[in-house]
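Here's the structure we're looking at; comments come further down.
The values are calculated or read from the model by the stated rules, or taken from the named source; none is laboratory data. Everything quoted here is computed from the prediction, not taken from an experiment. FYI the Cβ positions are ideal-geometry reconstructions off the backbone, even for glycines, and counts take in every protein chain you see. Heavy atoms of the whole protein, side chains included, go into the accessibility calculation; ligands, DNA and RNA do not. Shrake-Rupley method; radii C 1.70, N 1.55, O 1.52, S 1.80 Å.
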Amino acid sequence: MKEFKFVKMNGLGNDFVIIDQRKNAISFNKKDIISICDRDTGIGCDQLINILPMEKNGNILIEFFNSNGEEIHACGNGSRCVANLLMTEKNIKTITLSTKEKNLFCQRIRENYVSINMGIPKFKLDEIPVKSGIDLKTLNFEINNQILKDPFLVNIGNPHIIFFVDELNDYNIDEVGPKIENDIIFPEKINVSICKIVNQDLIDLIVWERGAGRTLACGTAACAAAITAIENHYVSENIQVRLPGGILDIDYSNGKPVIMSGPTELNFSGEFKLN
């Protein structure tokens with residue numbers, strides 16, 4: 001039996017079980033993570049985040065797992081939640097976290113409202129990655145009479161495919177999301193975003209997260225959608241992304257890091273016994 005303490009937090013309803021392993025390291029296998037994330041028999045969350053007992057370049061190291069037990073390299077909202085938790089612990093207003101891929105500078109803008117530097121996005125097909133020989137100009141998806149075409153691809157720690165449409169209600173993300181996520185042209189699977197441009201300062205977004213399914217919000221998806229809209233001059237360089245769980249502020253210009261800002265919330269903390 002494994003017994004551990006945890007904190008449950010969320011960013012716009014995108015929720016996380018955060019386990020601080022700095023003093024008591026615990027090893028979790030894939031089955032354990034699935035059990036912890038299960039909303040019926042476990043604690044329940046979109047992603048599990050470990051605060052690790054070692055540091056990287058003097059920064060606190062964190063790792064992320066989706067609710068299907070698979071490790072991912074980035075989680076924007078989750079990182080903001082961990083940052084706020086640790087800034088409160090240390091009574092500071094800025095902190096740099098490290099993942100296995102990059103360093104993340106975080107800052108508390110006001111109470112429970114945290115910004116994070118997500119780094120510079122990647123656009124090359126082998127950086128997404130996409131199966132070689134794919135022509136984006138002909139890449140269309142037709143699923144149960146729902147046609148999604150003219151996609152954009154971005155990697156901002158996680159791979160994303162983004163579609164811009166006239167009406168979000170014309171698409172069922174629960175149907176199109178898993179089909180596109182698991183398409184064989186994406187060797188590491190992919191996060192699926194459907195977006196609508198509302199005006200120069202606002203886009204609406206629904207997301208199917210790789211390994212987690214439909215979520216109320218996804219920080220890296222919001223970044224990917226904003227990056228794409230800004231790169232194509234659909235919107236201004238400082239925009240809001242409205243998801244089912246609320247709004248994130250994104251600041252980006254070509255060639256520069258993406259800054260994402262939004263609220264964090266503590267749900268509860270406790271102890272859990274894993275058989």
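A few notes on this one:
- Of all residues in region 159-168, at least one satisfies being part of a strand (DSSP E or B) and over 16 Å from the mean Cα position of the chain (by Cα).
- When every residue of region 223-246 is checked against the conditions, none turns out to be modelled with pLDDT of 95 or more, open to solvent by 50 Å² or more (accessible area, probe 1.4 Å), under 13 Å from Asn10 (Cα atoms) and charged (D, E, K, R).
- Against the test of being basic (Lys, Arg), over 17 Å from Cys81 (Cα atoms) and touching a helix residue (DSSP H, G or I) at 6+ places or on another chain (Cβ under 9 Å), the options Lys2, Lys31, Lys23 yield a single qualifying residue, Lys2.
- Note on region 95-112: residues that are open to solvent by less than 60 Å² (accessible area, probe 1.4 Å) and closer than 19 Å to Lys56 by Cα total 8.
- Residue check for Thr96: on the phi < 0 side of the Ramachandran plot, in contact with a Phe, Trp or Tyr (Cβ under 6 Å, 6 or more places away or on another chain) and of a type in the set (Ser, Thr, Tyr): yes
- Of the residues making up region 14-40, those that are in contact with a strand residue (DSSP E or B) (Cβ under 7 Å, 6 or more places away or on another chain), open to solvent by 10 Å² or more (accessible area, probe 1.4 Å) and within 20 Å of Asn77 (Cα to Cα) are Asp15, Asp20.
- Of the criteria (1) of a type in the set (Ser, Thr, Tyr); (2) open to solvent by 20 Å² or more (accessible area, probe 1.4 Å); (3) assigned to a strand (DSSP E or B), which one Ser115 fails: (2)
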